[in-house]
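Q: Right, I'll just put the structure down here and ask away after.
Each reported figure results from applying straightforward, stated rules to the coordinates on display, with no laboratory input. These numbers come from a predicted model, not from an experiment. FYI the Cβ positions are ideal-geometry reconstructions off the backbone, even for glycines, and counts take in every protein chain you see.
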Amino acid sequence: MIVQNAPADVLSDVLRLMQAQTLCSARLAARGDWSIRFQPPSAIKFNVVTAGTCWIRPDGPDGPEAPRRLDAGDCFVVVRGGFVLSSAPDLSPVPAAEVFQAPGGEARVNVGDGARGGDGDEVRFLGGSVRFDRLDGGLLFDLLPRLLMIRGGAPGAAPVGWLLEQLDREWRGGTVGSQLACNDLLRLMFVHALRTHLSEQPPQGANWLAACLDPSIGRALGAIHGEPCRNWTLAELAGIAGRSRSSFAAAFRERVGVPPIDYMLRWRMRLAATRLRQGQEPVSAIAASLGYLSDSAFSATFRRIMGVSPARYRTGADRTAASDLGSPIRS
């Protein structure tokens, strides 16, 4: 028997750190004239249009953005901010809280006359919400647009739609293991949606997400994430990337925004900060697991990058976290 571990994957590492937690699954069927406002979510919202046509109007920092049409098979992911779903772009919305009052997270609406029937074709949605760690979530979400849209003809749409159907079945079935299954389905849905988005709109700028799509720099990032406790040298990482030391150092800084060794230290401290928040694991154990031979060396690095000692960070005093591994954690 041959056992082979999966290769290190930077995006998987970040998503694991963010700790997805399922909040809800919902079904919506609407007919006639209708418009529903969803308030700025504290969680990621996934939806797929399973039948009909409607419009989505996201809220931007300077007010509502231009409405976009959704057709059957289209998926959308709201990363942050509120949004309006409607049968036509110019209708006045009602709050979602007034619509989703039926038990089981299912709603049927007709805003125009309040009737269940109404005129026009029925529009149906399947959706769900997932929440990520408040401090670590910005690592990824600050690099994404407010709204990700995946058209029905795109390669990623079919898997997301199928996963949403499985999510709905698990949530409503209430069978043993359903909570864990829902968490895993939502995480997998987001990965599919993110893959499709990245293939259609590669991230711009100097950041870890854009860099991990670069073949050579991505290999070096994978090595750092695969063995964060290892004291990587510039020469070792350059060899993995297949570049000279000078070429690798310049390319890494250009793609990521910080030098390779600085990135390694920032990722270590990100891992340490998460463990400090989540439990009472001794600082010495955390330090040793991340390759530090002494608590004082670990604490000095943590204070330099996070701006506070591990002990004070654990208690919540002056707690901060980076939203981007490729920029200073504290200014």
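Q: Taking only Cα atoms and a 10 Å spring cutoff, compute GNM fluctuations for the chain and point out the largest among Val94, Val191, Val84.
A: Val94
Q: When the Karplus curve 6.51 cos²θ - 1.76 cosθ + 1.60 is applied with θ = phi - 60°, which whole-Hz ³J(HN,Hα) does each residue of segment 183-200 get, with x for Gly and Pro?
A: Coupling constants for segment 183-200: 4, 5, 5, 5, 4, 5, 4, 5, 4, 4, 5, 5, 4, 5, 4, 5, 6, 8 Hz.
Q: About its Cα centre, how strong a charge dipole does segment 10-200 have in debye, to the nearest 20, once Lys and Arg get +1 and Asp and Glu get -1 at the Cβ?
A: Rounded to the nearest 20 debye, it is 280 debye.
Q: Report the FRET efficiency, 1/(1 + (r/R0)^6), for Gln204 and Thr175, where r is their Cβ-Cβ distance and R0 is 51 Å, rounded to 0.05.
A: Working from the Cβ atoms, E equals 0.70.
Q: A follow-up question, please. Which stretch or stretches of segment 78-92 have amide N atoms under 20 Å from the point lying 7 Å from Asp121's Cα along the Cα→Cβ direction?
A: From segment 78-92, the list is 85-91.
Q: Tell me the label only: which of [x] 29, 27, 20; [y] 42, 21, 19; [z] 39, 25, 22 is semi-axes √(5λ) of the Cα gyration tensor in Å as calculated from this structure?
A: [y]
Q: Please identify, among Ile217, Ile56, Ile240, the residue showing maximal mean-square fluctuation in a Gaussian network model of the chain using a 10 angstrom Cα cutoff.
A: In the Gaussian network model the winner is Ile240.
Q: Rounded to the nearest 0.05, what FRET efficiency do Asp71 and Ser294 give with R0 = 56 Å and r taken as the Cβ-Cβ distance? Could you check?
A: Result of the calculation: an efficiency of 0.40.
Q: Let me ask you something else. Would you work out which of Ala297, Trp267, Leu237 lies farthest towards the positive end of the dipole of the chain, given +1 charges on the beta-carbon of Lys and Arg and -1 on that of Asp and Glu, about the Cα centre?
A: Of Ala297, Trp267, Leu237, it is Ala297.
Q: While we're on this one: So what is the calculated 222 nm ellipticity per residue for the chain, using -39500 (n - 2.57) for each DSSP H run with n of 4 or more, over all residues, to the nearest 500 deg cm²/dmol?
A: Result for the chain: -12000 deg cm²/dmol, rounded to the nearest 500.
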